[in-house]
Amino acid sequence: MKINPTAHVDANAQLADDVEIGAFTIIGPNVSIGSGTVIRSSCVLEGWTEIGENNVIHAGVMIGGEPQDFGYQGERSFVKIGSRNILREYVTVHRGAHEDSTTIIGDDNMLMAYVHVAHNCFVGNQVTMANYAGMAGYSRVDDQAVLGGLCGLHQFVRIGRLCMVGGLSKVNKDVPPFCMADGNPMRLFGTNFRGMRRRDINAETRNAVKAAFNILTDRTLAMPQAIEVIERDVPDLPEVREFVEFLRTKSRMGVLTRAGKLN
């Protein structure tokens, strides 16, 4: 174990034998850190925080801090981070706002400098969040999504799998999987064709998702009608079912359906 002599690691913290801790970093008593994880200088890991294996956590990162929620009264709550994540400089990840609740980050994610993950958020696997992107409480980003720099997610918003959200976007509605969204007010700008192709989603499926997207954004159809038409007219493929299931899932903020035009 490589611990810089200026770091403070509580005697009750649980660290794997090969964890590296940089200068002036502080590790609290209820923190556990898995094998191969490297924590650079001037980080603070506190609260009830569990971090998996082979993560790289850069300078100034704060994990497990108290939630920015007026209702929080010091209850025990958690942060759980998986393996092989990269958290760049000054990322903040806050623990849950209610007793025994958890903020979750999965595996193989890249959170660039100054990203904020608020209380009770969920980040899936292979997600990229560019600089200064922020998630408000209870928001969710599913696997393989990409969030541009300085975009902000409203509380309870959901971002579906393999979405791409442009920088500076005001994300106040749910974005269905496989879609591209941008702007303030935000609009849908087609399907993430390149992203799907890079993930080895075949042409038949990409075209089916595009057909489902076109039905969803048809302004003459309300959401229940759009779902019926998709299920009737679009091939019954796993990604189409995923798209429909996202639309059917109860939403606090509503689903984005309005489309814009690329310049």
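For the reader, a short list of remarks on this structure follows.
- MRE, 222 nm, helices only [DSSP H, n ≥ 4, -39500 (n - 2.57), over the chain, to nearest 500]: -5000 deg cm²/dmol
- For the chain, diffusion coefficient by Stokes-Einstein and Kirkwood Rh (Cα), 4 °C, 1.567 mPa s, µm²/s: 67 µm²/s
- Charged-residue dipole, Cβ positions (Lys, Arg, Asp, Glu), the range 1-90 about Cα centre, Debye nearest 20: 200 debye
- The range 1-144: projected area of the alpha-carbon convex hull, averaged over directions, in nm²: 7.2 nm²
- Per atom type, the range 21-85 shows carbon and sulfur on 51% of its accessible surface, probed at 1.4 Å.
- Angle between the chain longest axis and helix 203-216 axis [Cα atoms, degrees, rounded to 10]: 80 degrees
- Gap separating the Cα centres of the range 138-169 and the range 189-263, nearest whole Å: 17 Å
- Proportion of all alpha-carbon pairs of the range 56-107 beyond 12 Å (%): 63 percent
- Comparing Cys151, Val115, Leu15 along the charge dipole axis of the chain, the residue lying farthest to the positive side is Cys151, per the Cβ-charge model.
- Cα-based radius of gyration of the range 194-263 once divided by 2.2 N^0.38 Å, which approximates compact folds: 1.13
- Over the range 143-263, the reciprocal of the mean inverse Cα-Cα separation, the Kirkwood hydrodynamic radius, stands at 14.2 Å.
- Förster radius 45 Å - calculated FRET efficiency between Ala11 and Arg197, Cβ distance, rounded to 0.05: 0.30
- Accessible area per residue, Å², the range 65-223 with all protein chains present, probe 1.4 Å: 43 Å²
- Per-residue HN-Hα couplings for the range 181-187 [Karplus 6.51, -1.76, 1.60; θ = phi - 60°; Hz; x = Gly/Pro]: 9, 6, x, 8, x, 6, 9
- Helix 238-248 vs. the chain, principal-axis angle (Cα, 0 to 90°, nearest 10): 90 degrees
- Rounded to the nearest 20 debye, dipole of the chain from Cβ charges on Lys, Arg, Asp, Glu: 1100 debye
- Each part reduced to its alpha carbon centroid, the range 46-61 and the range 79-122 end up 9 Å apart.
- Cα-derived Rg over Rh, computed across the range 1-84 with Rh taken as Kirkwood radius: 0.97
- Most fluctuating residue given options Met129, Met223, Met112, as computed from a GNM of the chain linking Cα atoms under 10 Å: Met223
The values are calculated or read from the model by the stated rules, or taken from the named source; none is laboratory data. All of these numbers come straight from a predicted model, not from anything done at the bench. Positions of Cβ are generated from backbone atoms using ideal geometry, with glycine treated the same way; all protein chains shown enter the neighbour counts. For accessibility, only protein heavy atoms count, side chains too; no ligands or nucleic acids. Shrake-Rupley method; radii C 1.70, N 1.55, O 1.52, S 1.80 Å.
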